[in-house]
Amino acid sequence: MTDLTAIKTAARKAAFLARKEAFDGSRGAQSSYLSEVLAGYRGVPLAGYAPMRTEINPIPALAEAAAYGPVGMPVIKAASTPLDFREWSPECAMIEGTFGAQIPQSGDWVEPEILIVPLVAFDRKGGRLGYGGGFYDRTLERLRARRATLAIGFAFAAQEQATLPLESTDQPLDLIVTEAGIITPG
């Protein structure tokens, strides 16, 4: 194990604990600030995620956005590849996908211009620590090679860390939204 891998593993462990505490203590609307941000992009194709375990829940904001334009959910087709996105609506049938994530059972494929990204930790510079599979980094790299793509990290405020162990392949976040507010990296 390289030093950076060990550092990332330790950072993930601490961040998972902070996220679980925030999740256990969460009350009420978690996605109101996300709804506020997405309201400025009505009709723009976007993709979110179905929350797993202790992830913050974007579904209410995604349901609002789906009334105005296409919303996709991530589908893992193979290891070490970018994600693809199947169109989602609040009433669509969902099935269990890879790693237990809920995905639409059927539907058209969507190429988002806005990607709401789940995460384990973030910093105020737009750094993101994910689960370690690289799916979102590969996906953002592919999308950004085709067109401008807005990456919005969505997390509990407690998931913020002062600094993160990042690599050159880690794609930055353009905006971070928490249950407590909106952060523009800088």
Practice task
Excluding residues on the same chain fewer than 8 positions from LYS125, give the lysines whose Cα lies under 25 Å from its Cα.
Solution key: LYS8, LYS13, LYS20
Problem - Vicinal HN-Hα couplings computed from phi for region 152-157 (Karplus, 6.51 cos²θ - 1.76 cosθ + 1.60; Hz; Gly/Pro x) - result: 10, x, 10, 7, 6, 4
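Apply the a/c threshold of 1.5 to the C-alpha gyration tensor of region 9-109 and tell me whether it is rounded, prolate or oblate. Each step should come with its number before you reach the end.
Working: a/c = 1.93, a/b = 1.19, b/c = 1.62.
Oblate, since a/c reaches 1.5 and b/c is not below a/b.
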Practice task
Using only C-alpha atoms and all pairs of different ones, pull out the Kirkwood radius for region 3-183 in Å with one decimal.
Solution key: 16.4
Exercise for the section: With +1 on each Lys and Arg Cβ and -1 on each Asp and Glu Cβ, and nothing else charged, work out how big the dipole of region 3-183 is about its Cα centre, in Debye to the nearest 20. Expected result: 300
Handout entry: Mean Cβ neighbour count within 10 Å, used as a protection proxy, ranking 92-103, 15-26 highest first
Key = 15-26, 92-103
Exercise for the section: Go from 0 up to the bin containing the longest alpha carbon distance in region 123-168, width 10 Å each, and give me the % of pairs per bin. Expected result: 22, 54, 23, 1
Practice task
Search the structure for amide H atoms under 5 Å from the amide H of VAL120, placed 1.01 Å from N in the peptide plane, and list their residues when 5 or more places away or on another chain.
Solution key: LEU129, GLY130
Handout entry: Simple spin-label estimate for PHE99 and ARG147 in nanometres, 7 Å along Cα-Cβ
Key = 2.6
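Readers should treat all values here as calculations from the given coordinates under stated rules, not as data from a laboratory. This is a predicted model, so every value here is computed, not measured. Quick reminder, even Gly has a Cβ in these numbers, built from the backbone with ideal geometry, and neighbours come from all protein chains shown.
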